[in-house]
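Computed from the coordinates by the stated procedures, all read-outs in this text should not be read as laboratory data. Just so it is clear, the structure is predicted and the values come from calculations on it, not from any experiment. Cβ: placed from backbone, ideal geometry, glycine included. Neighbour counts: every protein chain shown.
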Amino acid sequence: MTQDSPQLDRIDRRLVQLLLTNARATAFTLSEAIGRSATAVARRQRALEEAGVITGYTARLDLARLGCATIVHIKMTLESQRKDVLDAFEAAIAVSPSVIRCDLMSGSYDYLVTVRARDLGDFARIHREELSRLPGVTQMESGFVLREVVSPRLPLTLLDESL
């Protein structure tokens, strides 16, 4: 594996799969699942970190239990696709405290923005105080998530080749 273009072998892919499932797994636990020594597994994990394949470890939170049960996807259309308009929008949305995701899209709208709110009233506040003030936005269409069917995850099949 090189730092410029990391090529993951079967063991590296298995290690990444295991860490995606449980980032707190110990080198010993990982070594048992992979069939290598804990030292070898720790060395590989460190190499994946140094190569930038593993960029960090996070905790998954149940945001509904923390009082943020409402998920809203907002399709946003901007006045133009000029670089200055896109840059101004992206700079503003990046610091919007309620936005948890923003993607530039192809198709009939420009951005798909995801917001977490406590409830409908909280989303109304977010819409009024944050979203409606974003530069360059000419149209917004909101859709409320009724139920999360698949939570955000990496499709493990992307790592499956030759396992």
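Quick notes
- Extension gain (nm, one decimal) between E129 and E49, 0.36 nm per residue minus Cα-Cα: 24.9 nm
- Whole-Hz ³J(HN,Hα) from phi, Karplus 6.51 cos²θ - 1.76 cosθ + 1.60, for segment 55-69, glycine and proline x: 9, x, 10, 10, 9, 8, 10, 8, 5, 4, 5, 8, x, 10, 7
- Ascending count of other beta-carbon atoms within 10 Å, so fewest first, for S108, S96: S108, S96
- Mean Cα-pair separation over length for the chain, i.e. relative contact order, pairs under 8 Å, 6 or more apart, %: 25 percent
- Segment 1-78: radius of gyration and largest Cα-Cα distance (Dmax), Å: 17.2, 54
- Here is the list for segment 22-67: trypsin sites (Lys or Arg not before Pro) lying in DSSP coil, each with at most 13 other C-beta atoms within 10 angstrom of its C-beta, are R24, R60, R65.
- Here the label points at D84 and L120, each 7 Å from Cα along the C-beta direction, are separated by 4.1 nm in the simple model.
- The charge dipole of the chain, taken about its Cα centre with unit charges on the Cβ of Lys, Arg, Asp and Glu (plus for the first two, minus for the last two), comes to roughly 560 debye.
- Low-density loop positions, trypsin sites (Lys or Arg not before Pro), segment 70-111 - DSSP coil, at most 13 other Cβ in 10 Å: R82
- Between the beta carbons of V150 and A91, assuming R0 = 35 Å, the FRET efficiency works out to 0.70 to the nearest 0.05.
- Pairs of Cα atoms in segment 70-144 fall into 5 Å distance bins, from 0 up to the last occupied one, in shares of 3, 17, 31, 28, 15, 6, 1 percent.
- Of the GluC sites (Glu not before Pro) found in segment 1-90, the ones in coil according to DSSP and having at most 14 other Cβ atoms within 10 Å of their Cβ are E79.
- Summarising the overall dimensions of the chain from its C-alpha atoms, the Rg and Dmax are 20.4, 58 angstrom.
- Contact order normalised by residue count of segment 70-144, Cα under 8 Å, 6+ apart, percent: 51 percent
- Segment N22..A64, full-extension length gain: 13.0 nm, with 0.36 nm per residue of separation and the alpha-carbon distance subtracted.
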